[in-house]
Amino acid sequence: PYGVAEVIASGGGTANPALLADLAAELDRRAGASLRTIDELGIPSGAKEAYAFAVLGWLTAHGLPGTVASCTGATGPRVLGSLVPGADGRLPTPEPTTPPRRLHVV
């Protein structure tokens, strides 16, 4: 019902070929959707949490929301966490005013 065309799997389950085969078959049967792993996009499944927290930290450092209200039930977008001045007493200066749309992993 959501018009899903592709699902990107990550985490420990991606090492289970039987699970991935069953999931791919079910996605194709129900929605005609394809299945890929996050590894195919250049992010190791075991590192996805580290990447996710790096993105959330970047958003917070730049004063940008790390939530989507329609996904969390909040009344609006929220900046997550807070920053504490470093040893020199300074905080990073926010530059971007819009969230990133792409993560390029090298």
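Might you report the magnitude of the Cβ-based charge dipole of the chain about its Cα centre, with Lys and Arg at +1 and Asp and Glu at -1, to the nearest 20 debye?
About 260 debye.
Nearest 10 degrees, 0 to 90: what angle lies between the long axis of helix 48-61 and the longest principal axis of the chain (Cα atoms)?
That helix lies at roughly 30 degrees to the long axis.
Counting only trypsin sites (Lys or Arg not before Pro) that sit in a DSSP loop (anything but H, G, I, E, B) with at most 14 other Cβ atoms within 10 Å, what is the longest stretch of the chain containing none of them?
Values: sites that count: Arg78, Arg90, Arg101, Arg102.
Result, exposed sites excluded: 1-77.
Of the candidates Ala21, Ala31, Ala87, which one comes out as most mobile in a Gaussian network treatment of the chain with C-alpha springs shorter than 10 Å?
Ala87
Consider the candidate values (1) 34; (2) 48; (3) 19; state which one is percent of Cα pairs over 23 Å apart computed from the structure displayed.
The value computed from this structure is option (2).
Per the 1.4 Å probe, what fraction of the accessible area of the range 1-85, in percent, lies on carbon and sulfur atoms? Could the numbers behind the result be given before it?
Working: 3470 of 5700 Å².
Using a 1.4 Å probe with all protein chains present, the range 1-85 comes out at 61 percent carbon and sulfur.
Over the chain, average the accessible area per residue using a 1.4 Å probe and give it in Å², no decimals.
On the way: 7940 Å² over 106 residues.
Heavy-atom SASA per residue in the chain reads 75 Å².
Quick check: the distance between the Cα centres of the range 14-42 and the range 45-83, to the nearest angstrom?
Here the answer is 26 Å between Cα centres.
Taking only Cα atoms, what is the 0 to 90° angle, nearest 10, from helix 17-31's long axis to the longest principal axis of the chain?
90 degrees
Per the helix-only calculation at 222 nm, which mean residue ellipticity applies to the chain, given -39500 (n - 2.57) for every DSSP H run of n ≥ 4 and division by its residues, nearest 500 deg cm²/dmol?
Details: 3 runs with 33 residues, N = 106.
Result for the chain, helices only: -9500 deg cm²/dmol.
The values are calculated or read from the model by the stated rules, or taken from the named source; none is laboratory data. Worth saying up front: this structure is predicted, and the values here are computed from it rather than measured. Glycine also receives a Cβ, built like all others from the backbone with ideal geometry; neighbour counts cover every protein chain displayed. Calculation scope for accessible area: heavy atoms of the full protein, side chains included, ligands and nucleic acids excluded. Shrake-Rupley method; radii C 1.70, N 1.55, O 1.52, S 1.80 Å.
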